[in-house]
Structure formats: C-alpha cells, structure tokens
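Structure first, commentary second.
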Amino acid sequence: MTAIRILAPQWGNNELSAPVFIERVLEAGFDGIEMSLPDDGAEREDWLRRIADAGLDLVVSQWQTVFHTEFHAHRIALQSLLAQACAARPLLVNSQTGKDFYTQEQNEELIALADAIAREHDVPIVHEIHRSRFSGHPMLLRPYLERLPGLLLTADLSHWCAACESLLEDQPSTLDTVLPRVRHIHARVGHAQGPQVPDFRAPEYAVELAAHLGWWDRIVTLRRAAGAPLVTITPEFGPAPYTFRLPYSQAPVADAWELNVAMAALLRERYR
C-alpha cells in the first residue's frame, strides 16, 4: 500500500523559529516539513533534531543555486548544497538545478553530479520543474528526457502553466512522458498567466484546480501501480509576490499558510 505523506513548506514561514514552526506544522496535521537547510551548522543540527523528535518526515529543498549564474560557481554551490542536503538523511532532496540559458551539456553535467551525490549518500535527488531552470518549459525539458532515462522530477506544473500560457491542454504527449518520471509533487495551482491562483477554493478557479488535481491523480495512480512505498506531496502556495497583494495598501488577498492547510486537507481526503 502506497502511503501519502503531506509536508508543510517552510517557504513563507522562514521568520519562525524551529520550535514555533514545528508546533504549527503538528497542529495543522502535516506529516513532515519541506525546507532548505540553514547554513550555520549548529542551527542546522538543531532543526534536524527537533524535526526528528517531533516524528516528522523531511524533504530538503535546494534552491540557493539561483544566486549563482556563472556555471562554474553554480556547479560548486550545487555540489556543496546537495551533499549537505543528503547528509541530513531526508526522504528525498528536491533540487532546482541548472539554468535555462546554460547549454544542454552544462545542465547534463549538473544532473550527472546530482546523480553521483545521490548514489554516494543513497538519498534520492529529484529535479524540480521550475521556470528559469533546465526544466522551465516542456520543450526545454524534452531533450533531457530523451537522453537521460533515469532523470526524475518534482512536478510543479504551475510553472508550465505560466510558461505555456495554458493548462497544457494541447500537450498530452508531453504529460504522458513527464508524469511517470515524477517522484515528488508541489501542490500549487497555477493559471495561464501565473504560477499561483489567488485562492484555489474560489469558484472562478474551478477549471484550474480540476486540471492540477487530474495531473496529481495520474501521478499517484502511477506510483501506486509501480508499488512505490510512499508519495510525497508539499502544498506550496507561497508568500508575496506569489500571493497577490492589493495595490497601494499591499494587503494580501489570501493567507498562504491557510491555503496550504486547506490543500493538505483536500489531498488527504482525496488520496486516503
């Protein structure tokens, strides 16, 4: 039986201390946390100890290489960050890898580096579908899928909605190729003009919600058919500017944490 593990994103809650955030996660009923690790070693160990003591799962998210645009610096940072992430012994590492303006050879070098680190530590590393990365558009990703049969992905298809200005209705073959590669889901609902609807519960976004649920349903079905022991899902509605703000007052139109808790409840009921 494939277990569904729903994790809380630390993104948007970074100002909270470890004990405060972990208590918030437990009260909301999440199974674990997805977070990037602190640079400071003592702080990192404190987080890991508290997460383990709370009985929570961990997915480590590597996104910090976004700050390194020059390839050599990006490669060095990626190697360090992925090794540090794997050393924490998470369920998996979610990596925002490469750049959409690197050559295919450069991005494949980074993917090969990630594969080597994953094998060394025996921790899965999966690459997030994300704008501005090698996977930022379906046609950018396709050559890597053709050349790298072991390439595994995190599905954040909200990014492709924005990149393609659609709900991918015209790309069924792409989805047929991509969804079997998915090992982790970021459950955020996008739309044709952006990666996050203001509130997925609003009736005006019913079509967008249905499209994303359909993709997630297919992923869960594929993983269950493959006999996977678990599927990890992180509701990932983010802070501003992902969450819209009103002009002038800058008041948020929704609360990202509330959206993530509501999405977790929807998914738990759907996949129980």
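The values are calculated or read from the model by the stated rules, or taken from the named source; none is laboratory data. Because the structure is predicted, anything quoted here is derived from the model rather than measured. All Cβ positions, even for glycine, are placed from backbone atoms using ideal geometry, and neighbour counts span all protein chains on display. These accessible areas exclude ligands, DNA and RNA; they are computed on the full protein's heavy atoms, side chains included. Shrake-Rupley method; radii C 1.70, N 1.55, O 1.52, S 1.80 Å.
For this structure, a couple of remarks:
- Within the stretch 16-63, the set of residues being more than 23 Å from Ala155 (Cβ to Cβ) and among the polar types (S, T, N, Q) comprises Ser17 only.
- Single residue of Glu23, Glu15 found to be outside any loop (DSSP other than H, G, I, E, B), out of contact with any strand residue (DSSP E or B) (no Cβ under 9 Å at 6 or more places or on another chain), open to solvent by 70 Å² or more (accessible area, probe 1.4 Å) and more than 17 Å from His186 (Cβ to Cβ): Glu23
- Condition check for Thr2: at negative phi, in contact (Cβ under 8 Å) with a residue 40 or more places away in the chain, hydroxyl-bearing (Ser, Thr, Tyr) and open to solvent by less than 20 Å² (accessible area, probe 1.4 Å): yes
- Residue count for the stretch 62-74 satisfying the condition of being touching a residue at least 12 places away in the same chain (Cβ under 8 Å), in a helix (DSSP H, G or I) and farther than 18 Å from Leu151 by Cβ: 4.
- Among residues of the stretch 122-152 being open to solvent by less than 20 Å² (accessible area, probe 1.4 Å) and assigned to a loop (DSSP other than H, G, I, E, B), the one that is farthest from Gln104 (Cα to Cα) is Val123.
- In the set Ala54, Ala42, only one residue is more than 19 Å from the chain's Cα centre (by Cα), modelled with pLDDT of 95 or more and open to solvent by 60 Å² or more (accessible area, probe 1.4 Å); that residue is Ala42.
- Residue pairs whose Cβ atoms lie under 6 Å apart, separated by 6 or more positions or on different chains, with the first residue in the stretch 91-115 and within 19 Å of Val59 (Cα to Cα) and the second open to solvent by 20 Å² or more (accessible area, probe 1.4 Å), are Leu91/Asp57; Leu92/Pro124; Gln96/Trp63; Gln96/His130.
- Within the stretch 92-116, the residues that satisfy the criterion of being more than 16 Å from Phe134 (Cα to Cα) and surrounded by 20 or more Cβ atoms within 10 Å (Cβ to Cβ) are Leu92, Val93.
- Residue within the stretch 241-262 that is in a helix (DSSP H, G or I), touching a residue at least 60 places away in the same chain (Cβ under 8 Å), in contact with an Asp or Glu (Cβ under 9 Å, 6 or more places away or on another chain) and open to solvent by less than 10 Å² (accessible area, probe 1.4 Å) present: yes
- Residue within the stretch 203-224 that is among the β-branched types (Val, Ile, Thr), assigned to a loop (DSSP other than H, G, I, E, B) and either on the phi > 0 side of the Ramachandran plot or in contact with a strand residue (DSSP E or B) (Cβ under 9 Å, 6 or more places away or on another chain) (or both) present: no
- Any hit, the stretch 90-97, residues being part of a loop (DSSP other than H, G, I, E, B) and closer than 21 Å to Gly136 by Cα: yes
- Annotation note: Cβ proximity below 7 Å between a residue of the stretch 179-194 that is farther than 21 Å from Leu151 by Cα and a residue that is hydrophobic (A, V, I, L, M, F, W, C) and modelled with pLDDT under 95 (sequence gap 6+ or interchain) occurs for no pair.
- Matching entry among Ala155, Ala187, Ala192 (being among the aliphatic types (A, V, I, L, M) and open to solvent by 20 Å² or more (accessible area, probe 1.4 Å)): Ala192
- Only residues that are closer than 15 Å to Glu236 by Cα and either in contact with a Pro (Cβ under 7 Å, 6 or more places away or on another chain) or free of Cβ contacts under 8 Å to residues at least 24 places away in the same chain (or both) were counted across the stretch 199-222, and they come to 1.
- Note on the stretch 65-86: among residues that are closer than 20 Å to Glu34 by Cβ and touching a Leu at 6+ places or on another chain (Cβ under 9 Å), the one that is most open to solvent (accessible area, probe 1.4 Å) is Gln84.
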